[in-house]
Each structure stands twice: as structure tokens, then as C-alpha cells.
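Quick note: the coordinates plus some simple rules give every number you see, no bench work behind them. Please read all numbers here as calculations on a predicted model, not as lab measurements.
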């Protein structure tokens, strides 16, 4: 196992069970050939800024529609 994977697992273990399960479902979906969204550096910056503001976040289905609109 790589150092980065160990770091990820340590961070996952610190999360509440519900969040661990939600992320595990997403990881399994990706590993089973599901959608993977790769953002450009500019898009990553937009996401960082959005997470820092006080605006309410998107629901999962809204986020998926947004990402599909990016051509991902």
C-alpha cells in the first residue's frame, strides 16, 4: 500500500460512520467502472472558493448534473 493510500485511510477512519459509508460507496462505484470527474486546476479553484463561502452546498443529484454540464 502506498503512503498516500495510508494517509487517505487514516483520514477516512476519523470520519463518522455515515460519511465513511458514503465515501466507500463512491469509491466502489469508481472502481466498478463508474463516472470519474477530473477537474482542471481552474475548476478545482472554483470548488475551493465555493467550499469556503457561506452559501449552501449542492445536493448530490445537483452536483452530478453540474459535473455532467462540465463535460466530465
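Recomputing percent of Cα pairs over 16 Å apart from the coordinates shown identifies the correct label among (i) 41; (ii) 66; (iii) 35 as (ii). Between 0 and 90 degrees, the angle of helix 60-69 with respect to the longest Cα principal axis of the chain falls at about 60 degrees. Seen against the Cα atoms of the chain and their longest principal axis, helix 41-52 is set at about 90 degrees. Relative to the dominant Cα principal axis of the chain, helix 3-13 is inclined by about 80°.
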